[in-house]
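Undergrad: Have a look at this one before I ask anything.
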Amino acid sequence: MLAADVDAAIVFAVDASASIDRSTARLQRGGHALALSEPRVIAAISTGLNGCIAIAYLEWSSPGDARSVLPWTVICNRADGLMAAEAIRRGGTDGGDCAGYCATSISSAIAAGSALLDAYKGRALAKVIDISASGTNNYGPPVASSRLDALRSGYVINAIAIPQVRGGVAYHLLGYFTDNVIGGSGSFALEPATANDYALALRKKLQNEISKATGSASRYEIASGGPAIAGR
């Protein structure tokens, strides 16, 4: 198990349930890869006390179906970010390959993220679970129980809520994620307005998380017309 002192340890918990089609799977996978190698994110990392963050990337659906794509990996510079990005692009799901009943168990995703943070051997100024999902919790334990366990451990839960589109109509989930999923000091949820907003939302989210952990700056603002943001 990796042991390093970092400014933030972040678990990316990414939806791989039946509601994730190929285009949404590529959106999530590509967005995370792009954000981790983005110069502005690397610049934010460099401002920290340790100048490094640790990340892990997992995909989830039904209870017990969490899959590790990238184990704990330290990012201190752009070369590290590019290697992590390539691992995510290579190992992440392409969508549409769900075997059996692949539900949306956000409670299980939070529990899996908490277990990874529990096992992290180094010291981190902040420990964060980042949920990316396109639906509400529809299987497994209530979100409230997993969320409370994570908050008791001192973890922060942030989220990207991907709008569901059914019959050409977008069903927005930002309110649900704000009320039921995110938690901890300074936690927030983002909802991309368009597909192109997803990578932007991830970059802004990472910059916010790093700046909060390091105390180096106030929150980065979300540009007008970009992703919607709500927080605590």
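The values are calculated or read from the model by the stated rules, or taken from the named source; none is laboratory data. As the structure is a computational prediction, the values presented were derived from the model and not from experiment. Don't worry about glycine lacking a Cβ; one is built from the backbone with ideal geometry, like all the others, and counts go over all protein chains shown.
Undergrad: Taking segment 192-212, which residues are of a type in the set (D, E, K, R) and over 25 Å from ALA124 (Cα atoms)?
TA: ASP197
Undergrad: So, in segment 70-94, how many residues would count as being in contact (Cβ under 8 Å) with a residue 60 or more places away in the chain, buried (at least 18 other Cβ atoms within 10 Å of the Cβ) and in contact with a helix residue (DSSP H, G or I) (Cβ under 6 Å, 6 or more places away or on another chain)?
TA: Summing the residues that are in contact (Cβ under 8 Å) with a residue 60 or more places away in the chain, buried (at least 18 other Cβ atoms within 10 Å of the Cβ) and in contact with a helix residue (DSSP H, G or I) (Cβ under 6 Å, 6 or more places away or on another chain) in segment 70-94 gives 3.
Undergrad: Tally time: how many residues in segment 1-58 are more than 25 Å from SER105 (Cβ to Cβ), in contact with a Ser or Thr (Cβ under 9 Å, 6 or more places away or on another chain) and among the acidic types (Asp, Glu)?
TA: 1
Undergrad: Let me ask something additional. Give the residues of segment 88-109 that are assigned to a loop (DSSP other than H, G, I, E, B) and among the β-branched types (Val, Ile, Thr), sorted by residue number.
TA: Listed by number, the residues that qualify are THR93, THR104.
Undergrad: Condition first: buried (at least 22 other Cβ atoms within 10 Å of the Cβ), over 23 Å from HIS172 (Cβ atoms) and among the hydroxyl-bearing types (Ser, Thr, Tyr). Now tell me which residues in segment 95-142 satisfy that.
TA: Listed by number, the residues that qualify are SER108, SER114.
Undergrad: Tell me, which residue of segment 88-120 that is β-branched (Val, Ile, Thr) and over 25 Å from VAL41 (Cα atoms) is farthest from the chain's Cα centre (by Cα)?
TA: Taking the candidates together, the pick is THR104.
Undergrad: Looking only at segment 41-69, filter to residues that are in contact with an Asp or Glu (Cβ under 7 Å, 6 or more places away or on another chain) and surrounded by fewer than 18 Cβ atoms within 10 Å (Cβ to Cβ); which one of those is nearest to ASP15 (Cα to Cα)?
TA: Looking at residues that are in contact with an Asp or Glu (Cβ under 7 Å, 6 or more places away or on another chain) and surrounded by fewer than 18 Cβ atoms within 10 Å (Cβ to Cβ), I get ARG67.
Undergrad: Determine which single condition GLY30 fails, assuming it passes every other condition in (1) under 17 Å from ILE160 (Cβ atoms); (2) surrounded by 24 or more Cβ atoms within 10 Å (Cβ to Cβ).
TA: Here GLY30 meets the rest and fails (2).
Undergrad: Residue check: is SER107 among the polar types (S, T, N, Q) and either at pLDDT 95 or above or more than 20 Å from ALA213 (Cα to Cα) (or both)?
TA: Yes.
Undergrad: Kindly list, by first and then second residue, each pair from a residue in segment 112-128 that is within 14 Å of VAL156 (Cα to Cα) and at pLDDT 95 or above to a residue that is among the polar types (S, T, N, Q) and part of a loop (DSSP other than H, G, I, E, B), limited to pairs with Cβ atoms under 8 Å and residues at least 6 apart or on different chains.
TA: Short answer, once both residue conditions are applied: SER114/SER153; LEU117/SER153; ASP118/SER153; LYS127/SER153.
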